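See structure below.
The values are calculated or read from the model by the stated rules, or taken from the named source; none is laboratory data. Quantities reported herein were computed from a predicted structural model and do not represent experimental measurements. Glycine gets a Cβ as well: all are built from the backbone with ideal geometry, and neighbour counts include every protein chain shown. The protein model used for the area step is the full one, side chains on, heavy atoms only, and it has no ligands, DNA or RNA in it. Shrake-Rupley method; radii C 1.70, N 1.55, O 1.52, S 1.80 Å.
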Amino acid sequence: MNDKLNKNSIIRLFNVSKRFGGTLALKNISLDIERGEFIFISGPSGAGKSTLLKILYRAEKVFEGQVLIDGMNLSRISSSKLPVLRRRFGIVFQDFKLIPTLTVYENVALVLEAAGKKTSFIKKKVMQVLRTTGMGKKAKALPLTLSGGEQQRVAVARAVVGEPSIILADEPTASLDSRAAQAILDFLMEYHKKGTTILIASHNLHLLENKIQGRTIEINDGKII
Ligand code: ADP
């Protein structure tokens, strides 16, 4: 691997391919993303956008090639180090993935509990982040009593509460109306201004066009166009 490449890179992929049985979901992808970039990953459904995000936080292993996250080579990372890798990421999904039996507060607090933070810190931090997403008054609510837009605000709060260096959002606005979608994007933009690297995958970028300065990476049939 050539380490003379950009020192400011936070994500680097070298000739990455991913196979699911007979399907090549990613074909020889090379990519260099700098710290603090705002990246849109566009492309039709089935293009490989989700797979690309999943290999970054090692939810999927690559079939060929190398992935470096903040200098960590994912093909050499042991399973005991996976939590360290995953703490660098905040992840937002289309279907929110909140735990239905836990309150809004508990869903967000879980991240900091897993990272071994003190209860007093957790209380302060979770409430602060919930207030910034406009969900402070719903801390005791269960997720399924909330609207989709509200649930996604909680999911975004959960993604940012651990102060990750990278936020991955997989179709974060696809199940929301345009007003709720805009609120989520505005919130992600605030984090971008603070220096967080953000990757948003979407098959439908019209909401975002002209609103956010960022680099678009177009994927089709597992390849970057
Ligand atoms: P996108 O996010 O752009 O819609 P995906 O990354 O989900 O695309 O999928 C890319 C390709 O890989 C598709 O052909 C999809 O069917 C296939 N694929 C994704 N995940 C799996 C899986 N777990 N098992 C089998 N095939 C998969």
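Annotation for region 95-104: at least one member residue is of a type in the set (S, T, N, Q), open to solvent by 70 Å² or more (accessible area, probe 1.4 Å) and over 19 Å from the mean Cα position of the chain (by Cα).
Hey, does region 117-131 have a residue that's of a type in the set (Ser, Thr, Tyr) and surrounded by 15 or more Cβ atoms within 10 Å (Cβ to Cβ)?
Start the filter on region 117-131 by keeping residues that are of a type in the set (Ser, Thr, Tyr), which leaves 119-120.
Now drop any that are not surrounded by 15 or more Cβ atoms within 10 Å (Cβ to Cβ), which leaves none.
There is no residue in region 117-131 that is of a type in the set (Ser, Thr, Tyr) and surrounded by 15 or more Cβ atoms within 10 Å (Cβ to Cβ).
Take the conditions (1) more than 18 Å from residue 91 (Cβ to Cβ); (2) at pLDDT 95 or above; (3) in contact with a strand residue (DSSP E or B) (Cβ under 6 Å, 6 or more places away or on another chain); (4) small (Gly, Ala, Ser); residue 46 misses just one of them, which is (3). Being buried (at least 21 other Cβ atoms within 10 Å of the Cβ) and in contact with a Gly (Cβ under 8 Å, 6 or more places away or on another chain) is the filter here; which residues of region 182-195 pass it? Residue satisfying the conditions is 184 alone. Any chance you could count how many residues in region 49-69 are over 15 Å from the mean Cα position of the chain (by Cα) and not β-branched (Val, Ile, Thr)? Within region 49-69, residues that are over 15 Å from the mean Cα position of the chain (by Cα) and not β-branched (Val, Ile, Thr) number 6.
Look through 13, 31 and report the one residue that is open to solvent by less than 10 Å² (accessible area, probe 1.4 Å) and under 12 Å from residue 68 (Cβ atoms).
Values: 31 fails: open to solvent by less than 10 Å² (accessible area, probe 1.4 Å).
After applying the criteria, what remains is 13.
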